[in-house]
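Asks: Handing you a structure now.
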Amino acid sequence: MNFSRRNFIRSASVLAAMTMNEMQSMAAAMEVRTNGNTVADNDDAFWDKVRVMFPLSKDLTYLNNGTFGPSPYPVIEAVKEGMMENDMNGQYGNWDVTVSKIAKFVGARDEEIALTHNVTDGINIGCWGIPLKRGDEVIITTHEHSGNAMPWMNRQKQHGIVVKTYTPASTAAETLTRINDLISKKTRAIGTPHIPCTQGQILPIKEICTLARDKNMFSIIDGAHGPGMIPLDLHDIGCDTYASCSHKWMLGPKGTGFLYVRKDFQDTLSPLTVGAGSDNGKWDLMATPVVTGDYVGNAHRYYAGTQSNGLYAGVVAAIDFIEMIGAENIYKRLKHLGKYTQDSLLAFGDKIELLTPTEERSRGPVNGFRIRGTDFQKFFGMCSQKKIRIRGVNENGLNSLRVSTHIYNNKQEIDKLMSVVKEAIG
Ligand SMILES: Cc1ncc(COP(=O)(O)O)c(C=O)c1O
């Protein structure tokens, strides 16, 4: 929390309104500020202090960050403050700060970031904006979230494109082979996720985008699970578009997202939703014929109209929070917890089917599994009774379970889940 801009009276009233938990969170913030230093992925005492900064209920074992990431206090505070400033001063529209912050965070330029409200918004802009004609082919996976399946299927329905699918393999090399095998003379785009929601394996996104570029195809990436989990450099990845959100691994406000559109690609990708802010203002309804003006020369052409000051202040605070701990430190801790989960599941031998690859570059903090002989919904129910929140995966008939861990989780929580697995196995 930043008190520098406040007068004494306001600071005092804020302090008076703070709960004990918020005060403990402020104290913890002093201790987890790493100033760019490395923190060991197994330094559980450090990560316990990070946990103090989350209001997440202590009697809930939340192992479902892949659906949404609970925000820490500083993010919630920033949202409240942003709304308060908006409503007290009539101030409106300071979103360029957020755009710039996101751009730096993901290795892009300011003019390459459009604000959206979720991943689905960004995918639709990418999918609907590329020039495709009847018979053109697009490659996606069999593991799509509906947010990356429906837009492409909609184009199949409406424009006669052909959606082709591959199933992610247990190694990055085999996944690349499967994609290569699907490519024909008619393939125009790869619309793959960076990290599918089902099993959370990290796909070889840079190689996939390089392949797309080499074969003159568009790369329209579903990046729901990238930022906040993995330090990103989108220029290095080389995609045409990357749709993401702040409400999963970035731990930001729910209903905030963004779309990266490579600068050189913006004249190829048609805007889907236009209005105030997306044009250069040089239009004239009084002229005959009407003068249309043009799109702005940056990714603002992809979004328009009023945005929320409060929510986007929260996005800035979420990135500050991540940078305070260190994106690299977070990534390593997440890999550590993911490995701990994998090892714990593998210890059950053939009673468990681990679906997420163990290959170093493909594994992250999300793991998919099945318990042989136990229906996934039954196990989900057993967990719910014990206030353990995981996700059932019914996408594409996978009928499996997903556990995803972030920095507010610890090994005891994973152990608690494993005790329910043990009970299910009998
Ligand atoms: C891989 C993937 N893509 C897309 C989405 C849709 O995200 P949103 O709800 O932000 O639109 C999700 C959400 O869980 C997801 O996991």
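Where a number appears in this text, it was derived from the coordinates with a stated rule and is not lab data. Values in this document were obtained by computation on a predicted structure and should not be read as measured data. Heads up, the Cβs are rebuilt from the backbone with ideal geometry, glycines too, and the neighbour counts pull from every protein chain shown.
Asks: Tell me, what HN-Hα J-couplings in whole Hz come from the Karplus equation 6.51 cos²θ - 1.76 cosθ + 1.60 at θ = phi - 60° for each residue of segment 56-65, using x for Gly and Pro?
Replies: Couplings: 2, 3, 6, 8, 10, 9, 9, 10, 9, 4 Hz.
Asks: I want the local charge near Gly373. Using Cβ-Cβ distances under 12 Å, sum +1 for each Lys or Arg and -1 for each Asp or Glu among the other residues.
Replies: Values: positive: Lys351, Arg370, Arg372, Lys378; negative: Asp350, Glu353, Asp375.
Local charge sum for Gly373: +1.
Asks: Distance between Cα centroids, segment 147-179 to segment 307-372: provide it in whole Å.
Replies: 24 Å
Asks: Taking loop as defined by DSSP and a crowding limit of 16 other beta carbons within 10 Å, which trypsin sites (Lys or Arg not before Pro) in segment 311-341 fit?
Replies: Details: sites: Lys332, Arg333, Lys335, Lys339; in loops: none.
Those that pass, being in a loop and sparsely packed, number zero.
Asks: So for the chain, averaging the separation of alpha carbon pairs under 8 Å that are six or more residues apart and normalising by length, what relative contact order in percent results? If you can, show how the numbers build up before the last one.
Replies: Numbers: 824 pairs, mean separation 94.2, N = 426.
Computed over the chain, the figure is 22 percent.
Asks: Let me ask something else. As a test of the formula, what do you get for the chain when each DSSP H run with n ≥ 4 contributes -39,500 (n - 2.57) and the sum is divided by the residue count, at 222 nm and rounded to the nearest 500 deg cm²/dmol? Mind showing how you got there, number by number?
Replies: Values: 14 runs with 171 residues, N = 426.
Here the helix-only value at 222 nm equals -12500 deg cm²/dmol.
Asks: Can you give me the three principal axis dimensions of segment 96-322 from its C-alpha atoms, in Å, biggest first?
Replies: The Cα atoms of segment 96-322 stretch 56, 47, 27 Å along the principal axes, largest first.
Asks: Quick one: of Lys80/Lys101; Lys206/Lys335; Lys157/Lys263; Lys104/Lys254; Lys332/Lys416, which pairs are farther than 24 Å apart, Cα to Cα?
Replies: Values: Lys80/Lys101 19 Å; Lys206/Lys335 19 Å; Lys157/Lys263 30 Å; Lys104/Lys254 21 Å; Lys332/Lys416 22 Å.
Correct reply: Lys157/Lys263.
Asks: Amide H neighbours of Thr187 under 5 Å, at least 5 residues apart or on other chains, H built in the peptide plane: list them.
Replies: Amide H neighbours of Thr187, under 5 Å, 5+ apart: Glu137.
Asks: Give the residue list of trypsin sites (Lys or Arg not before Pro) in segment 244-299 that are DSSP loop and have at most 14 other beta-carbon atoms within 10 angstrom. Write out the running numbers ahead of the final one.
Replies: Values: sites: Lys248, Lys254, Arg262, Lys263, Lys282; in loops: Lys248, Lys254, Arg262, Lys282.
Here the sparse-neighbourhood loop sites are Lys282.
Asks: Regarding the chain, what's the average projected area of the Cα-atom convex hull, expressed in nm²?
Replies: On the way: hull surface 92.7 nm².
Seen from a random direction, the Cα hull of the chain projects 23.2 nm² on average.
Asks: In whole angstrom, and with the biggest value first, how far do the Cα coordinates of segment 92-136 range along each principal axis?
Replies: 43, 24, 15
Asks: Taking the alpha carbon gyration tensor of segment 377-426, what are the square roots of 5 times its eigenvalues, largest first, to the nearest whole Å?
Replies: Sorted largest first and rounded, they come to 18, 15, 9 Å.
Asks: Here is a follow-up. Would you mind putting 343-351, 183-191, 147-155 in packing order, based on average other-beta-carbon counts within 10 Å, highest first?
Replies: Top of the packing list down: 147-155, 183-191, 343-351.
Asks: Still on this model: Which number do you get for Rg(Cα) / (2.2 N^0.38 Å) in segment 67-154?
Replies: My calculation over the Cα atoms of segment 67-154 gives 1.47.
Asks: Taking the Cβ of each residue in Asp267, Asp375, Asp59, Asp240 as the centre, tally the other Cβ atoms inside 10 Å and list the residues starting with the fewest.
Replies: Placing the least packed residue first, the sequence is Asp59, Asp267, Asp375, Asp240.
Asks: Enumerate the helices in the chain for which the Kyte-Doolittle hydropathy averages 0.5 or more and the C-alpha atoms extend at least 20 Å along the helix's axis, using complete DSSP H runs.
Replies: 309-325
Asks: In cubic angstrom, how much convex hull volume per residue do the alpha carbon atoms of segment 348-396 span?
Replies: Working: hull volume 5.2 nm³, N = 49.
Roughly 106 Å³ of hull volume per residue.
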